[in-house]
1. Report, by chain and number, residues whose modeled amide H sits under 5 Å from the one on Gly532, excluding near sequence neighbours (fewer than 5 apart, same chain).
2. Could you sort 601-607, 129-135 so that the peptide with the highest average Cβ count within 10 Å comes first and the rest follow in order?
3. Show me the GluC sites (Glu not before Pro) within the stretch 395-447 that DSSP assigns to loop and that have at most 16 other Cβ atoms within 10 Å of their Cβ.
4. With each label point set 7 Å from Cα along the Cα-Cβ vector, what nm distance links Ile18 and His385?
5. Return the subset of Lys251/Lys382; Lys476/Lys507; Lys332/Lys360; Lys227/Lys463 for which the Cα-Cα distance in this structure is over 25 Å, preserving the input order.
6. Grab the other residues whose beta carbon is less than 13 angstrom from that of Gln338, score K and R as +1, D and E as -1, and report the net.
7. Just grab the label-to-label distance for Asn497 and Asp126, each label 7 Å out from Cα along the Cβ direction, in nm (one decimal).
8. Any idea what the relative contact order of the stretch 491-634 is, in percent, if you count C-alpha pairs under 8 Å spaced at least 6 apart?
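The values are calculated or read from the model by the stated rules, or taken from the named source; none is laboratory data. Quantities reported herein were computed from a predicted structural model and do not represent experimental measurements. Cβ: placed from backbone, ideal geometry, glycine included. Neighbour counts: every protein chain shown. Protein only, heavy atoms only, side chains kept; ligands, DNA and RNA dropped before computing areas. Shrake-Rupley method; radii C 1.70, N 1.55, O 1.52, S 1.80 Å.
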Amino acid sequence: MNDYPGKILEVNLSTRSISSRKVEPELIKKYLGGIGLCARILYDEIPSGADPLGEDNVLVFAAGTLVGTPFPTASRTEASAKSPLTGQFGTSNSGAFFGIQLKTAGYDALVIKGKAAEPAYLVINDDEAKILNAGFLWGKECWETVDILEQKHYGAEIALIGPAGENLVRFASIENGRYDGWGRTGLGAVMGSKNLKAVAVKGSRGRNIYDTAAMLEAVKKGQQLIKSASSYMAFTEYGTLNASIPYGKFKATSAHNFTKGTLPDWKDIGGRPIVDKYGSRHVACQSCIIACGHWAEIKEGKYAGLRIKDLEITPVMSFGATVGLDTEAIIKASEICQRYGVDMVSAGGVLGFAIELYKKGILTDEDVGFELDFGDDEAAFKLLHQVINREGIGNILAEGTKRAAEQFEQADRYAIHVKGMEIPFIDPRGRWSTWTLGMLTNIRGGDHLRCRNPVENLRYNDKDEAYMKERFGFKKPMYDRLDMPEELKSKAIDLENDTVDIPEMSKWAEDLINLYNAVGICIRPPVMEKVGPTIIAEACRAFIGIDINAADLMESSERTWNLIKLFNLREGEAVDASKFPRRFYEEDIDGNRLDEAKIQAVLEKYYQARGWDRKTGRPEANTLDRLKLDDLDN
């Protein structure tokens, strides 16, 4: 291999020691970078049963293999630790420019251990790394902190926490500069527990390429593939909001804490027209040709003057649907989360949960101190600040909906989570698909970003009585172009009956997204539809000279998924953990509720596709042996 940095920087905040170690080529081939390296390091270096907010937890930032190249969308860095929210494997992915700075400083990954005796921040400038005092930054919100650190460390990219992380809110985020972040699983609280305010990293080394001509050819092919995707033009214009109106039409949004399916004026609140009204320009991450982000501006009204990167489906659903806010209040909610370092999905879930408890009489005026209602932005923001600062009822809600529900009688049925993590906008009663099954099988809890059918078709919402199929809805050329092994493709997609086998596709989609998160590329639909393991292997061979093919890449991704599953089992994941909230099985939306027995049958088929025990969901010995993980079965 040529220029793969091959180094891990390790910082122990307790002892204030800093060292680096080599990454052996065999480890790179087995786990690549990004999520793969994170999984291996966490499994090996976090003691079983460690307190997520204790000194034994380990926080890792690992940039993807292709970060630092012009391969389209190659910007992304995985951050991982044991989650304070779920007690399981915690991980999140973010783009922008942090990863390329880490790579050009000479490192695949940054490993942070221990706890600083006083507030600290870490500065990395190529070979030089220092732990500095952060007392002057502690208590400051994120945007102000970035302003200060950018002046002190010109050109550095900054990962940091706000007051939510400092106060150990269990769903605090790590912010990636001003407008991006590692949002899910509470990694900001891990940084806060280590007294670590920020990491500023700057690299100047550049990247050498093993075969420049082959790399440029792979880049050209990758760009052509993405631009030929059926969703490319729509995503360059409206980004993730393309899915908003279909999910409203299917009555599959999180409206009012998953009680309504959709809202009467949903198109105006959270549909594509809000991009035309509030968006002024597009925003792209490193190496991206899609530019799905939007710069939003509010020009009049009580939030006049607010300018922010926003208009994504996550805040629109979390605050517009779950909490019932209007568009301008959604943009304001995004600003609060970015300034104070809070995961938007969990924040919206906690607010929706609290509002419903108040309306049910489980929370009272005495508990809260003021009235709560869906659509009341002032009350929602007052409560959100209480959560951030752990004041009053906010101190309970800062624990997340699962733990908070344990403090109030009959509150658990209103806590909408899977495995302790608040689920995002998709109500599976309104749409059952590969995507919705993925909220159950997800290795980090209830979430939508680790499993999605690469050819999901939102023009259709056919309901299969057995929950095993979803509509394919494309012509044969789409099938032919999909980069999957033919034997698996024919099992996952039935052209004659125009259906997708959900368990089979789920396994493939999870491994494919794991591959993206290992090499550092984006999971937007134009990428998922067109960029498969074949072109990624070509890019890896050209860039770092690694002898690897498409099958090797998918095996690496599958190995990582199984390793994380073993981590979760070691940390106590229960056999029956993969369950939706009781509401989805017992309450109707538009005449629909989930059939628990049928979903269990789908799970069992998925386990079989994974080579796991059909009843327990535990990886079988022959699967671990095939993936060279047999020595880790615990």
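1. none
2. Working: 601-607: 20.3, 129-135: 15.7.
Sorting 601-607, 129-135 by mean packing, highest first, produces 601-607, 129-135.
3. On the way: sites: Glu399, Glu406, Glu409, Glu422; in loops: Glu399, Glu406, Glu409.
Taking the stretch 395-447 and a limit of 16 other Cβ atoms within 10 Å, the loop GluC sites (Glu not before Pro) found are Glu406, Glu409.
4. Result: 3.7 nm between the two label points.
5. Numbers: Lys251/Lys382 29 Å; Lys476/Lys507 22 Å; Lys332/Lys360 27 Å; Lys227/Lys463 31 Å.
Cα-Cα > 25 Å for Lys251/Lys382; Lys332/Lys360; Lys227/Lys463; rest within.
6. Working: positive: Arg178, Arg307, Lys309, Lys332, Arg339; negative: Glu141, Glu144, Glu175, Asp180, Asp310, Glu312, Glu335, Asp343.
Here the charged neighbours net out to -3.
7. Each label point lies 7 Å from its Cα, and together they span 6.2 nm.
8. Values: 110 pairs, mean separation 31.6, N = 144.
Taking the mean separation of contacting Cα pairs over the length of the stretch 491-634, I get 22 percent.
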